[in-house]
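Down below is the structure, laid out as structure tokens.
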Amino acid sequence: MKSYRKELWFNTKQRFELVHITQEVQAAVEESGIQEGLCLVNAMHITASVFINDNESGLHQDYYEWLEKLAPFSIDGYHHNVGEDNGDAHLKRQIMGRDVTIAITAGQLDLGPWEAVFYGEFDGRRNKRVLIKIIGE
Amino acid sequence: MKSYRKELWFNTKQRFELVHITQEVQAAVEESGIQEGLCLVNAMHITASVFINDNESGLHQDYYEWLEKLAPFSIDGYHHNVGEDNGDAHLKRQIMGRDVTIAITAGQLDLGPWEAVFYGEFDGRRNKRVLIKIIGE
Amino acid sequence: MKSYRKELWFNTKQRFELVHITQEVQAAVEESGIQEGLCLVNAMHITASVFINDNESGLHQDYYEWLEKLAPFSIDGYHHNVGEDNGDAHLKRQIMGRDVTIAITAGQLDLGPWEAVFYGEFDGRRNKRVLIKIIGE
């Protein structure tokens, strides 16, 4: 069994930003030399997500508005916000998820036709990381 | 290390449908010959889910009504719906999740007493796939 | 390839309770002797979650209030509640998630600085289990 580890770093300009990372994840799979296995991709921070959905800007605007409705930004609306202002971001991340696991087949990410991997940032403008861990043969 | 790959295909009659697939996933585990490992089951489409919950029809009706409340079907309510009508389905799928990872122990899916695996379709009446990828020994 | 399996048992005093289990999961990694691999941690019950977020009591109160808003406890508000009263808990668990997969690197859980693993109980006061399954080398 082989394993491979890589970090991706982000510092988004906006508080809310969705960053397309499919190519970076596929590059890690190729670097690993692994042909058959599993690829875990997870946010290492708790106000961010890794998720898979469509690479379409209208949908990304829908996510923004929808998450803002379900878990609105609010300075004084959360118990967490004592010396913090990101209570909403901890909630948004639970809806969008922390991690995805992707099959590796014949040395490639085994994704459906419209599946694209995203880093979802809900409290940006600071350095944050994503972890890629691949195991297989 | 061994690996095994299988696709399940669906074409549901309804736009919203929950399909019980535990037996199909268990069959794939047996076909793989893997005794100890991990089994990834994921939707390959971005308006569908794979999730684990109860095989109980009242609960499935609750999921339908609840998801319709949190992310209602709407032709003109989503930025995504330019030439599309499935913006709601991309949101519903984020709540229900894309994939589950299930332990394999002694050649069986290592599930709790009431855990059942479902394909969740939120924009059906077309061909869609689920990927099963198993690694282990 | 090595594999390791362990169950954690819970019987919470409250219906809703979030239990910090990072140390128990790290102990299982050490017991496994696995240096590089993947660690699956999942609720074996369908009204409970395993998730990763902040170990901060204000945030935990926020989760309680937010989940109660999105999927309120109600005796007669769910189709599932015929001889049951936990329809809400099946919904809450979908938002918080069933499982997390954590990388293992150099014999340690490969977590970000604030990542903490939690058992999320939404219908407690009974015996329930979490499964830890580790594979790697």
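None of the figures in this text is laboratory data; all of them are computed from the coordinates on show. What you are looking at is a predicted structure, and each value in this text was computed from that prediction instead of being measured. Cβ: placed from backbone, ideal geometry, glycine included. Neighbour counts: every protein chain shown.
Kindly rank A:6-19, B:34-47, C:27-40 from highest to lowest mean number of other beta carbons found within 10 Å of each residue.
Output ranking for A:6-19, B:34-47, C:27-40: B:34-47, C:27-40, A:6-19.
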Q: Calculate the mean, over all residues of peptide C:46-56, of how many other protein chain Cβ atoms lie within 10 angstrom of the residue's Cβ.
A: 5
Q: Convert each backbone phi in the stretch A:43-52 into a coupling constant with the Karplus relation 6.51 cos²θ - 1.76 cosθ + 1.60 (shift: θ = phi - 60°), then list the ³J(HN,Hα) values in order as whole Hz, x for Gly and Pro.
A: 5, 8, 10, 9, 10, 8, 10, 10, 8, 10
Q: Note the distances from C:K69 to each other copy's matching label point, with points 7 Å along the Cα-to-beta-carbon direction, in nm, sorted shortest first.
A: 1.4, 1.4
Q | Cut-off 12 Å between beta-carbons: net charge of the residues surrounding A:K6, Lys and Arg +1, Asp and Glu -1 | A | -2
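Can you give the percent of C-alpha pairs in the protein assembly as shown whose distance is more than 33 Å?
25 percent
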(Q) Using the Cα centre of chain C as the reference point, and only Cβ charges (+1 on K/R, -1 on D/E), how large is the resulting charge dipole? Debye, rounded to the nearest 20. (A) 460 debye
Q | Interchain or long-range residues, amide H under 5 Å from B:V117's placed H | A | B:I21, B:T22
Q. Along Cα→Cβ at 7 Å, what distances in nm separate the C:G83 label point from those on the other copies, shortest first?
A. 5.2, 5.2
Q: Calculate the mean, over all residues of peptide C:69-78, of how many other protein chain Cβ atoms lie within 10 angstrom of the residue's Cβ.
A: 2
Q: Report the net charge of residues surrounding B:H20, where surrounding means a beta-carbon distance below 11 angstrom and charges are Lys +1, Arg +1, Asp -1, Glu -1.
A: -4
Q.
How compact is chain A by the rule of thumb for globular proteins, expressed as Cα Rg over 2.2 N^0.38 Å?
A. 1.12
Q) Which whole-Hz ³J(HN,Hα) couplings does the stretch A:122-127 yield from phi under the Karplus relation 6.51 cos²θ - 1.76 cosθ + 1.60, θ = phi - 60°, glycine and proline marked x? A) 10, 8, x, 6, 7, 6
Q.
If each label sits 7 angstrom from Cα along the C-beta direction, how far apart, in nm, is C:G107 from its counterparts in the other copies?
A. 3.5, 3.5
